[in-house]
Structures are given as C-alpha cells and as structure tokens.
Amino acid sequence: MIEFKDVTKRYMTKTALRDVNLKLDKGKIIGLVGLNGAGKSTTMKLIAGLISPTKGSVELDGKKVTRRMASKVSYLSELDEYYSFYTVQQTIDFFATQFPDFNKEKAEEIRAYMNLDANTKVKHLSKGNRGRLKIILTLSREVPVLLMDEPLSGLDPLVRDSIVKGLITFVDTQKQLVLLSTHQIMEVEMILDEVIAIKDGVLVDHRDVEELRYDEQKGILEWMSSIYE
Amino acid sequence: MKAWLALVKKEFRVGLPILLLAVVLFLVGLVIVAATTYRFGHVWDAVGIIGLVWGSGHFFFMAIYMLYSLGVERKKLHLWLHNPMHASGLLAAKLVTGTVYMIISLLIVSIAAYLGGLHFVEFSNDTWFKIGIIAFLHVVSFSVDFSVYVILAYVVFLLLERYMPSFLSGTVVFIGWWVFAYLSYGLIVDTKFYTAITEWGKIDLGFIANSLQFDISVKEAIVNFQGENTFIYAGNYVIELITILIIFFIASWLLDKKVEV
C-alpha cells in the first residue's frame, strides 16, 4: 500500500531520513517510534505529500505521492493550529466540505464520545480539547491511510485515554492503515500491530508487535531500550 | 465546485479584518478631516479629496489583502495545503474574496469622492459617470494585477524559507522583486518589440481628468481637475492579462510541487 524506496530527505545540511526502505500494508495500526528529531514527522509528511524526498520515491497504491494525495490520506499534524474564528462545529463542517470522504455522522459520534462542545470557538479550546478536535477531524475521514503525528503529546492522561479508546472504536481496522508516532508507548502498546523504530534518520527495525511479544518475550519499551541504549 | 465555494466562504472570514480595517481607517480619516475643515466651510471639498486619495490607495488593497491572507495560512500550512484541491483553486479563492472586499471598500470610498467632488468640479453627470467607471475599473484591475505578482513573491518566500531564516528569505525576495522589475522594464517593456505587441486596438476615451490642481491660500482652497483627451490600447490589457495568468500558474505550480510544510 505505502512503499518507501531508498528514500532520503535532506534539509540543507541536515539529513532527516537516510535510505529508508519500507512497506506498509492496510488493516494495521502501526507505531512509529524514535527520539525527538529522529525523523518521525518527516516520514509522516512524506506520506502525506507535504514534503518531497530528496532522493528515492514514496508511493501509495503504486502511485507517486503528491500533495493532492490528501484525497487518500488523512493527516493529523503535531501542530494544533486551526482557524480560530470557527467553532468546533464550523470546523467540522468546513472539513466536510473539503473532503468528499468526510463522514459527518461519524464526526458527530466521535465528538459526542470525546465530550467536546460543538459551539465552543476553537480559539477558546484548551490544549486537550484541541487534541480531541484533531482526532475528530482525522478519524472522521473514510480514507485508506490515517497519519497521526504525536496525537497524545502534551495531553493529560484522561484525554490520552479517550483518544486511544477512540482509535480502537472508530478506526476501520479492515480497510484503514493507521500510522501513529508517539512517545507514550505504554498507552498505545495494546493497540499496535506493528512498530517501526527510527534513529537519526535511519530505519533501524520494523517488527510485528505480537511476534516481538511471543518470540522474544519483549514489550515495545524493552525492545526500544535494546535499540537506543 | 462545492468544495471551492466552501473555501471561498472560509476566505471571506480569513480576510474580513482587512476590509474592516480599510473601512474604519477611511471613516476615521473622513471624520478627522471633516472636523478640521468644518470651520473653514470646506467640509465637502475635504471629503472629496479624502475619497479620491483613499480610492487611489486601493491600488494596493489586494496586495495588502494577499499578504495578510497568505500570512494567516503560513502559520498553518499543514492545514491549508493538506487539501486535494489544485493550488490554483486555493489561491483563486483568495483572489476572489479579496476582489469582492476591495469592490465593497471602493464603493464606499467612491460615494464620498463623488459627493465631495460634486462641490468643487462641475462635470455633467455623464462625464462623472465615465470618469468614475474608468477610474473604478482601473483601480480594481491594477490592484488584482499587482496582487498576482505579490502571490508569486510570497510563494517564492515560502519556498526559500525552507532553506534560510525568514528574514533572509524576505530580504532575498524583496531584492529579487526590484531586480525583476528593473530587468523586465529594461529588457522587455522599454523595447520596440513590446510596443509592437501591446500598442494595438486603440480606444479613444475622450476627455478624461487625470490629475488634480490644488490652489491653497490662507483664505481659500481651490481644487480643480486637469485632463486631456485620452486613449488606451486594448493590446496593453490583453498582454498584461496573459502575463498575470502565466505568473498565477507559475505561483500555483510552485505551491503545488515545491513548497514544503
């Protein structure tokens, strides 16, 4: 479904990703882990078509990824900048007009589940509620690929819990591929099918979480420790 | 089309502060000028002059509007560019809303210019109408035309920002702008070739006021229009239209393919 072929991404003198080869299939929730600056966000943006590889290619269903691949990819940025003059409901309505695959009923369902007031202006939302809004907007799209860059970052445990539960409840695990980057490994470990580790722009390992657990008797944190220490 | 119209609706909301600012500044200026000229009995003359000056200032309305609107998106490029729509659609939505806002603002200013102008220039209604329409159309078209160059400059700024600090990127674009203007004038506009491709389709506009003459003393202020028989070339407009279409599509292509988030 998604394929990285010898992908290198450089920003001036800094190499964010180096010679990455990667294949991701649909129907899985995949964790992307690594230290700050390892290249997780760069990987996400490459799949979303928001940046282009310096070398190599990124393909989605056999086609080179471009910015307009947004029709097949729902991208949740690590930033939570939205149009502050809109209310939550107006933001949802605006997204529904921009993406034909946006499911408004599902958005309403997730909004109610997340307990987010539809009439609150975005500029008045707390960080936690902006995080919830991001989740609503991302999960309400019925697209093959969902990219979530640090969806749990900076949020309190209750919000993180509702987001993780939301992922389990509202993602169609048969049809959708979810790639999420996070530092909160413990909280997402139970929902991950695969995990990818990136270190200094290099993809160091890509494992099936169940295999890791049963074959090597390791949780993701232990596995990460063996890689990063 | 439905998605684009919804985008236009959003752009109206994004750009609203510029319309409000233009109208409020005009009204504040109007009140100040009217208050200071009231005791001299020249309120209407002052209103007319403020209207004409502020109306002429609308040449830059669209450029300021685009800088503001694109500046808003710059903070949320991940949101603005994560859209299956072609970049030309994203930019066109801004151009359309900016143009509508400029026309609204210009209409308000034009009323003041007309009401004030009636007091110090004696033109027939037909002449007023002709001058008004020609001036209105030229201010609108020049402003839109200029803003397309600003869009290209801003997209280049976004592009360069990936490789250098914002201030340096802005400086490079600013210097590049003047180099481009100098070269385009010297190498293209000021040539026989350019004259040949633009100076066709002569249209005689008749007598058109094209400047103001001020005669101000302690006791009185006299303002007169000056003008002459004027003509324009359709070729100039056609070539400029083709030029800005090319510039617009270059900017769209760069935004689509080269600008990174």
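So who's got an amide H within less than 5 Å of the one on A:Lys218, skipping anything under 5 residues away but keeping other chains? H placed 1.01 Å off N, in plane.
Here A:Arg213 satisfy the definition.
Using R₀ = 51 Å, calculate the FRET efficiency as 1/(1 + (r/R₀)^6) where r is the Cβ-Cβ separation of B:Ile197 and A:His124; round to 0.05.
Here the calculated transfer efficiency is 0.35.
Taking chain A on its own, what percent of its Cα-Cα pair distances exceed 26 Å?
Here the tail beyond 26 Å accounts for 36 percent of pairs.
Work out the FRET efficiency for A:Glu109 and B:Ser88 from their Cβ-Cβ distance, taking R0 = 30 Å, and round it to the nearest 0.05.
Approximately 0.25, to the nearest 0.05.
Provide the per-residue ³J(HN,Hα) series for region B:188-201, in order, calculated from phi with Karplus coefficients 6.51, -1.76, 1.60 and θ = phi - 60°, each as a whole number of Hz, with x at glycine and proline positions.
10, 4, 8, 10, 5, 4, 5, 4, 5, 7, 10, 8, 9, x
Quick one: which residues, 5 or more positions from A:Leu17 or on another chain, have an amide H under 5 Å from its amide H? H modelled 1.01 Å from N in the peptide plane, none for Pro or chain starts.
It is A:Lys9, by chain and number.
Antiparallel DSSP bridges in the protein assembly as shown: what percent, to the nearest 5?
65 percent
Using only the alpha carbons, work out the radius of gyration and Dmax of region A:38-158 in angstrom.
Computed over the Cα atoms of region A:38-158, radius of gyration and Dmax are 15.0, 46 Å.
Can you list the trypsin sites (Lys or Arg not before Pro) in region B:61-151 that are in a DSSP coil and have 15 or fewer other beta carbons within 10 angstrom?
B:Lys75
Roughly how many Å is it from the Cα centre of region A:112-156 to that of region A:172-212, as a whole number?
With region A:112-156 and region A:172-212 each reduced to a Cα centre, they are spaced 21 Å.
Considering only DSSP beta bridges where both residues belong to chain A, give the percentage that are antiparallel (nearest 5).
Approximately 55 percent, going by the DSSP bridge assignments.
Along the Cα→Cβ direction, 7 angstrom out, place labels at A:Glu78 and A:Val202. What is the inter-label distance in nm?
2.1 nm
Calculate, for B:Phe40 and B:Asn229, the FRET efficiency according to 1/(1 + (r/R0)^6) with r their C-beta to C-beta distance and R0 30 Å; round to the nearest 0.05.
Calculated value: 0.30.
Could you derive backbone 3J(HN,Hα) for region A:82-96 from the dihedral phi with the Karplus parameters 6.51, -1.76 and 1.60 (θ = phi - 60°), listing whole Hz in sequence and x where the residue is Gly or Pro?
Running phi through 6.51 cos²θ - 1.76 cosθ + 1.60 with θ = phi - 60° gives 10, 6, 5, 7, 7, 8, 4, 5, 5, 5, 4, 4, 5, 4, 4 Hz.
Summarise the partner chain shielding of B:70-83 as one whole number: the mean count of Cβ atoms from other chains within 10 Å of each residue's Cβ.
5
Quote the relative contact order of chain A in percent (integer), defining contacts as alpha-carbon pairs under 8 Å separated by 6+ residues.
27 percent
Take the Cα pairs of chain B, get the Kirkwood Rh, then feed it into Stokes-Einstein at 10 °C and 1.306 mPa s and tell me D in µm²/s.
Stokes-Einstein gives a translational diffusion coefficient of 77 µm²/s.
Just counting partner chain Cβ atoms within 10 Å, what average do the residues of peptide A:47-57 show around their Cβ?
Per residue, the number of nearby Cβ atoms from other chains is 2 on average.
Going by amide H atoms built from the backbone, whose H comes under 5 Å of the H on B:Gly227, apart from near neighbours?
B:Asn210
Once phi is turned into θ = phi - 60°, what whole-Hz ³J(HN,Hα) does the Karplus curve with 6.51, -1.76 and 1.60 give for every residue of region A:169-178, x standing for Gly and Pro?
6, 9, 8, 8, 5, 7, 10, 10, 9, 10
Show that you can apply the helix-only estimate: for the protein assembly as shown, add -39,500 (n - 2.57) for every DSSP H stretch of four or more residues, divide by all residues, and state [θ] at 222 nm to the nearest 500.
Only helices count here, giving -18000 deg cm²/dmol.
Values quoted throughout were computed directly from the atomic coordinates according to the rules given, and no laboratory measurement underlies them. This one's a predicted model, so the numbers in the text were calculated from it and none came from an experiment. Using ideal geometry, Cβ is built from the backbone for each residue, glycine included, and neighbour counts are taken over all protein chains shown.
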